[in-house]
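Have a look at the structure below, then the notes.
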Amino acid sequence: MKRIAVLTSGGDAPGMNAAIRAVVRTGLDAGMDVFGVRKGYAGLIEGDIFYLSRRDVGGVMHLGGTFLGSARCQEFYTEEGRRLAIANLEKQGIEALVVIGGNGSQTGSHALWKMGYPVVGVASTIDNDLEGTDVTIGVDTAINVALEAIDRLKVTATSHRRAFLVETMGRKCGYVALMAGIAGGAEVVVIPERELAPEEVARELRAAYDRGKSHALVVVAEGARNNARKLIKHFEEHSEAVGFSLRVTILGHVQRGAAPTAADRLLATWLGEGAVRALLRGEQGVLVGMRGNHVVTTPLDEIVGRQKPIDLSLFELARIMAQ
Ligand code: F6P
């Protein structure tokens, strides 16, 4: 295999640049030409494909986002869109594509693979909801951003004896909220995998207040049925049930824009290298991820359309630590 391309797709995740760099430098080291695609699948359909040199990926590793750009592309859901994409790759003699992205993006790579085009996926999303990997590129940074916010909010909360609702991203997956909640010492964690009614949250907050706590933190995943907006609406009408006065912080895209942590840069480097090595071994239609301390590949057939479940014993740990 002599010519490959790489793109980033879906929500950007800190560490994507390091993954692109790893694909490019591993490919060049193996004697390949490596091409970048701008704006994810949208750029593939437009034919926005260009040669990447070693120097093009210099000085990008410490930056969040993706210098190739990313997009959520409706046209790629159509077979016609994907045919155009394949034609553009073939026009440039490109023999395989590395797709760095999360669930939606790997559904796209799977669809390309099913049409006969060689692809390898690299697990990258702040949500950490992909099967086939213990951890995805970007989630460590996203948790750390949430943690920094939680630490700061705790300071101001203590000054005023307040409780804060902090909402994290994560789509339908509560992993980021749960991990940030444990690391940040949250009093309550609300996630889609373990929904809590507003009354239950209020009970926990009231109990913390009655135990004499000077602050309380509720970490809420955006995908929870009772997300921060719904909870605050409920508590505005039932403030007496809580004890603390309440404030809300929704972190949103702040979690995506940070410089990648060392863990994310290393993971991205290993998985980017792993993608090229997989292609060199002749593997295609697989996702490159990390299991234990090993870079592994899993057939895309086995991961698409599924959400990795979270370990609910961690929810119990969060509860115990909150006492
Ligand atoms: O999948 C990554 C993610 O950041 C989710 O956590 C979030 O729900 C979504 O993307 C936001 O998407 P967008 O950037 O399109 O608003």
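Of the numbered criteria (1) away from the ligand (no atom under 16 Å from the Cβ); (2) closer than 20 Å to T141 by Cα; (3) in contact with a helix residue (DSSP H, G or I) (Cβ under 6 Å, 6 or more places away or on another chain), the one V176 fails is (1). Looking only at the range 266-276, decide whether some residue is polar (S, T, N, Q) and surrounded by 16 or more Cβ atoms within 10 Å (Cβ to Cβ). Yes, because at least one residue in the range 266-276 is polar (S, T, N, Q) and surrounded by 16 or more Cβ atoms within 10 Å (Cβ to Cβ).
For the range 245-265, a residue qualifies if it is within 19 Å of T156 (Cβ to Cβ) and part of a loop (DSSP other than H, G, I, E, B), and exactly one does: L251.
Here A13 passes the criteria (1) assigned to a helix (DSSP H, G or I); (2) out of contact with any Phe, Trp or Tyr (no Cβ under 9 Å at 6 or more places or on another chain); (3) buried (at least 24 other Cβ atoms within 10 Å of the Cβ) except the one numbered (1). Looking at the range 34-87 only, could you name the residues that are touching a residue at least 60 places away in the same chain (Cβ under 8 Å), open to solvent by 30 Å² or more (accessible area, probe 1.4 Å) and under 25 Å from L266 (Cβ atoms)? Listed by number, the residues that qualify are M61, H62, L63, S70. If the condition is being out of contact with any Gly (no Cβ under 7 Å at 6 or more places or on another chain) and within 20 Å of L271 (Cα to Cα), then the range 88-102 contributes E95, A96, L97, V98, I100. Within the range 121-129, identify whether any single residue is part of a loop (DSSP other than H, G, I, E, B) and open to solvent by 50 Å² or more (accessible area, probe 1.4 Å), and answer yes or no. There is no residue in the range 121-129 that is part of a loop (DSSP other than H, G, I, E, B) and open to solvent by 50 Å² or more (accessible area, probe 1.4 Å).
I'd like to check something: does the range 146-159 contain any residue that is crowded, with 24+ Cβ neighbours inside 10 Å and within 12 Å of the ligand (Cβ to nearest atom)? Yes, that holds for at least one residue.
Restricting to the range 233-250, name every residue that is open to solvent by 70 Å² or more (accessible area, probe 1.4 Å) and either in contact with a Pro (Cβ under 6 Å, 6 or more places away or on another chain) or at pLDDT 90 or above (or both). Result: K233, R247, I250. Among residues of the range 209-224 that are in contact (Cβ under 8 Å) with a residue 40 or more places away in the chain and under 14 Å from R171 (Cβ atoms), those with a beta-carbon under 8 Å from a residue that is away from the ligand (no atom under 16 Å from the Cβ) and in a helix (DSSP H, G or I) at least six positions away or on a different chain give the pairs V220/L231.
The values are calculated or read from the model by the stated rules, or taken from the named source; none is laboratory data. The model shown is predicted, which means the values in this text are computed figures rather than measured ones. Because the Cβ atoms are built from the backbone with ideal geometry, glycine has one as well, and the counts that use them run over all protein chains shown. Each accessible area value is taken on the protein alone, full model and side chains, heavy atoms only, with ligands, DNA and RNA left out. Shrake-Rupley method; radii C 1.70, N 1.55, O 1.52, S 1.80 Å.
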